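Only one structure is covered here, and it is reproduced in the block below.
Just so it is clear, none of the values below were taken in a lab; they were calculated from the coordinates. Computed from a prediction, not measured in an experiment: that's the story for all the values here. We place every Cβ from the backbone using ideal geometry, glycine too, and count neighbours over all the protein chains shown.
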Amino acid sequence: KDLPDYEVLAKYEPPVTTRIHASDGSLMAEFARERRLYLPIQAVPDRVKAAFLSAEDKNFYNHPGIDIQGIGRAALRFFTGGPTQGGSTITQQVAKNFLLTSDQTYERKIKEMILAFRIEQAYSKDRILELYLNEIFFGFGAYGVAGAALTYFDKSVNELTVAEVAYLAALPKGPTNYHPFKHADRALQRRNWVIDQMVVNGYVSHDEGEKAKAEPLGVHLRRGGTYLFAAEYFTEEVRREILARYGEEALYEGGLSVRTSLDPKMQRLARK
C-alpha cells in the first residue's frame, strides 16, 4: 500500500546542462550540477540501444517487467564467478532509480518487482528505455548516455564506435569499478564482455566484434568549464547575468541555450 506513485515518471524533467555559445555558434561554456543532455528515444542510435540491452537486459522487449531467466543466469554467474549480467531488468532499475532507495534488502527488491510490473502496464517499452538511458550515472559528473558520450569521448552518440558504446554500457554497473585510468584492465575486460554479448545477440557480426575488442579504450575526457580561449571573463559575466535574471535552478538544471554577442576571432585579437 505504501509504494510510491509511478505516475511521477510521466512528468519526468531531469536536470539538464545549460550551454553558452558565441555569436558564431561555437560552444563557450557549460554549466550543470548533473552533466546531461536529454535524448528522446527516437534520437538514440540502434547501436547504443543494442549495447545497453546486451549488457543489462537482453530480453527487455519480451518480459513483463521481471525476467525469471535473467535472475537464474545472475544467480548461476554469482556462484560460478563469471561476469555478471544483473538479475534486475531495465524496468526494475527505472523503478529503483526513480522511486526507491538503493537499500540492499529483500523488501526493496520485492517493491522493485511490483513497481516494474505496474510501470510496464502504464508505459511503452521505448518510454521505459528512454527514462533509463537519460537517468543513469556514468561517473565524472555525467548523467545519461548523451552526456556520457561527450564526457568520455567528446563525441555525439551518433559518432560512437562499437567499442565505445560497449564501454559506456559497461559503466552503469559501477563507474568507479571500471574507471578508464585507475582500473583500465578491468574496464577493458568488461567492455569486451559487452561486445561478446552484442555478437551473441546478433547486433554485431563476429568480425566486427573481434575488431572492436582489439581497440584500446580510447577515453578522451572532455574538460569542463570554459571552452573558448580568451573568453573566460566574458563567460563569467554571462553566467552572473543568467543567474540574476533566471535564478540558480534555471542556470544549473534548466538546460538553457544561451547565444551571446562574443566574436571569438575579435576576442583573440583583443587579448593579443
Practice prompt. Please work out whether the chain counts as rounded, prolate or oblate from its C-alpha gyration tensor, where a ≥ b ≥ c are the square roots of the eigenvalues and a/c under 1.5 means rounded, while otherwise a/b larger than b/c means prolate and anything else oblate?
Written response: oblate
Worksheet item: Over the chain, what relative contact order in percent results from Cα pairs under 8 Å that are six or more residues apart?
Response: 29 percent
Response to the item:
Residue span Ser26 to Leu269: 0.36 nm per residue of separation minus Cα-Cα distance leaves a gain in nm of 85.8 nm
Item to complete: Evaluate the distance, in nm, between pseudo-label points positioned 7 Å from the Cα of Ala214 and of Lys173 along their respective Cα→Cβ axes.
Response: 2.5 nm
Worksheet item: Against the longest alpha carbon principal axis of the chain, how many degrees, from 0 to 90 and to the nearest 10, is the axis of helix 144-153 turned?
Response: 60 degrees
Item to complete: Any chance you could give the angle, 0 to 90 degrees and rounded to 10, that helix 184-200 forms with the longest Cα principal axis of the chain?
Response: 60 degrees
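Please label the shape of segment 167-216 as rounded, prolate or oblate, based on the square roots a ≥ b ≥ c of the eigenvalues of the alpha-carbon gyration tensor (a/c under 1.5 means rounded; beyond that, a/b larger than b/c means prolate, else oblate).
oblate
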Worksheet entry | Extension gain, Glu249 back to Asp154 (0.36 nm per residue minus Cα-Cα distance, nm) | 31.6 nm
Worksheet entry | Residue-span extension gain [Ala10 to Asp103] - 0.36 nm each, minus C-alpha spacing | 31.0 nm
Item to complete: Indicate the gyration tensor shape class of segment 88-169 (rounded, prolate or oblate), computed on the Cα atoms with a ≥ b ≥ c the square roots of the eigenvalues: a/c under 1.5 is rounded; otherwise a/b larger than b/c is prolate and the rest oblate.
Response: prolate
Practice prompt. Any chance you could give the angle, 0 to 90 degrees and rounded to 10, that helix 106-122 forms with the longest Cα principal axis of the chain?
Written response: 70 degrees
Worksheet item: If you place +1 on the Cβ of every Lys and Arg, -1 on the Cβ of every Asp and Glu, and leave all else neutral, what size is the dipole of the chain about its Cα centre, to the nearest 20 Debye?
Response: 460 debye
Worksheet, complete the sentence: Within segment 1-35, the residues whose backbone N lies under 16 Å from a label point placed 7 Å from the Cα of Phe117 along the Cα-to-Cβ direction are 1-4, 6
Item to complete: For Met28, enumerate residues with amide H under 5 Å from its amide H, sequence gap 5+ or separate chain, H modeled in the peptide plane.
Response: Ile20, His21, Ala22
